[in-house]
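Beneath this line is the structure, given in structure tokens, with notes to follow.
The values are calculated or read from the model by the stated rules, or taken from the named source; none is laboratory data. All figures in this text were calculated on a predicted structure; none of them were measured in a lab. No Cβ is skipped: glycine too gets one built from the backbone with ideal geometry, and neighbour counts run over all protein chains shown. For the accessible areas, the whole protein counts, side chains as well, though only heavy atoms, and no ligand, DNA or RNA atoms are used. Shrake-Rupley method; radii C 1.70, N 1.55, O 1.52, S 1.80 Å.
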Amino acid sequence: QVQLVESGGGLVPAGGSLRLSCAASGRTFSTYVVGWFRQAPGNEREFVAAISRSGSLTKYPDSVKGRFTISRDNAKNTVYLQMNSLKPEDTAVYYCAAQATSYVSTLANVYANWGQGTRVTVSS
């Protein structure tokens, strides 16, 4: 098990940037694949980004590709989501999730460990 805490959300104008952080407890964080998901009111949870255990492989949906970058620092037990060129449709609660596996999944139901989320609001 790993405990996850997200931070870095807030209110930003369209076109702005935010960097989210996901801090993990435990000494085995490097054995976990980590994903970011988001959920807007009335919508299902949506995949945003995922990163392999070493950080060498990343995945994004087309909706954020080229604007969002996921990275990790295993020495700090932290995964980051850099979000640039934000749009009002990026408004949501953002969650990080982790799973002890080698496969980088885009499916929320694969991830067993979840944080509480951090809210991102992009104003138009």
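Determine whether the stretch 90-112 contains at least one residue that is assigned to a strand (DSSP E or B) and either modelled with pLDDT under 95 or more than 15 Å from GLY35 (Cβ to Cβ) (or both).
Within the stretch 90-112, none of the residues are assigned to a strand (DSSP E or B) and either modelled with pLDDT under 95 or more than 15 Å from GLY35 (Cβ to Cβ) (or both).
Tell me yes or no: at least one residue of the stretch 27-40 is under 16 Å from the mean Cα position of the chain (by Cα) and open to solvent by 70 Å² or more (accessible area, probe 1.4 Å).
So far as the stretch 27-40 goes, no, none of its residues is under 16 Å from the mean Cα position of the chain (by Cα) and open to solvent by 70 Å² or more (accessible area, probe 1.4 Å).
Give me the residue from the stretch 101-116 that is in contact with a Lys or Arg (Cβ under 9 Å, 6 or more places away or on another chain) and among the small types (Gly, Ala, Ser) and, out of that set, most open to solvent (accessible area, probe 1.4 Å).
Result: SER102.
Residue by residue through the stretch 23-46, note down the ones that are modelled with pLDDT of 95 or more, among the hydrophobic types (A, V, I, L, M, F, W, C) and more than 10 Å from TYR94 (Cα to Cα).
Correct list: ALA23, ALA24, VAL33, VAL34.
Being over 20 Å from GLN116 (Cβ atoms), surrounded by fewer than 18 Cβ atoms within 10 Å (Cβ to Cβ) and not basic (Lys, Arg): is that true of ALA75 here?
Yes, satisfied.
Can you name the residue in the stretch 53-66 that is more than 16 Å from PHE37 (Cβ to Cβ) and in contact with a strand residue (DSSP E or B) (Cβ under 8 Å, 6 or more places away or on another chain) and, of all such residues, is surrounded by the fewest Cβ atoms within 10 Å (Cβ to Cβ)?
The selected residue is LEU57.
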